[in-house]
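Okay, so here's the structure we're looking at.
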Amino acid sequence: MIIEKFDLYATQGNKTCCWNSGRPINVLPVYVLYFYVLVQAPHIGHVYSAVIADAAHRFQMLLGCQETVFSTGTDEHGTKIQEAAVQSGNPLPQYCDYISLQYRTLFQSCGIGYTDFVRTTEDRHKTEVHKFWVRSTKL
């Protein structure tokens with residue numbers, strides 16, 4: 001299940017992870033996902049959205065949704081990223097390494113409590129995306 005736009009309640013069928021009479025009911029795993037496109041170095045707007053995602057993640061844990069996952073990271077594909085790398089005067093892989101490290105460092109210094117930081121160029125991401133597409137073509 002994915003929470004989109006930081007909705008604070010997750011529902012699937014008759015199972016809901018929300019506040020009900022002071023305690024969670026039918027706890028489900030909840031996923032908060034937020035990825036950043038590496039067109040520029042992180043700024044206050046990126047911190048703001050990370051804080052909101054982190055707050056949604058922590059709120060779900062307070063409700064008893066202990067299987068909550070807050071996955072964030074960097075999207076390192078696309079022509080805008082290639083153009084930004086060219087403008088910076090760096091090869092694409094080094095540009096992505098540098099900017100991605102800036103995001104990770106900033107989030108750690110701000111106490112953003114993500115459970116996983118994913119880069120779309122990582123093998124594990126490519127493997128999971130491939131599995132997803134294979135499954136979706138069989139539907």
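The values are calculated or read from the model by the stated rules, or taken from the named source; none is laboratory data. Note that the structure is a prediction, hence the values are computed from the model and not measured. Positions of Cβ are backbone-derived with ideal geometry, glycine not excepted, and every protein chain shown enters the neighbour counts.
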Inset, instruction - Residues being within 21 Å of the chain's Cα centre (by Cα) and surrounded by 20 or more Cβ atoms within 10 Å (Cβ to Cβ): count how many of those fall in segment 82-99. - result: 3
Legend entry - Filter pass, Ser136 being in a helix (DSSP H, G or I) and of a type in the set (S, T, N, Q): yes
Legend entry - Per-region count, segment 53-65, residues in a helix (DSSP H, G or I) and modelled with pLDDT under 90: 7
Legend entry - Any hit, segment 81-100, residues being assigned to a strand (DSSP E or B) and either closer than 28 Å to Ala55 by Cα or among the hydroxyl-bearing types (Ser, Thr, Tyr) (or both): no
Legend entry - Subset of segment 20-44 that is at pLDDT 90 or above and not β-branched (Val, Ile, Thr) - its residue that is surrounded by the most Cβ atoms within 10 Å (Cβ to Cβ): Pro42
Inset, instruction - Looking only at segment 66-80, decide whether some residue is among the polar types (S, T, N, Q), surrounded by 14 or more Cβ atoms within 10 Å (Cβ to Cβ), at pLDDT below 90 and part of a helix (DSSP H, G or I). - result: no
Legend entry - Subset of segment 101-124 (residues that are in a helix (DSSP H, G or I) and touching a residue at least 12 places away in the same chain (Cβ under 8 Å)): Gln102, Tyr103, Arg104, Leu106, Phe107
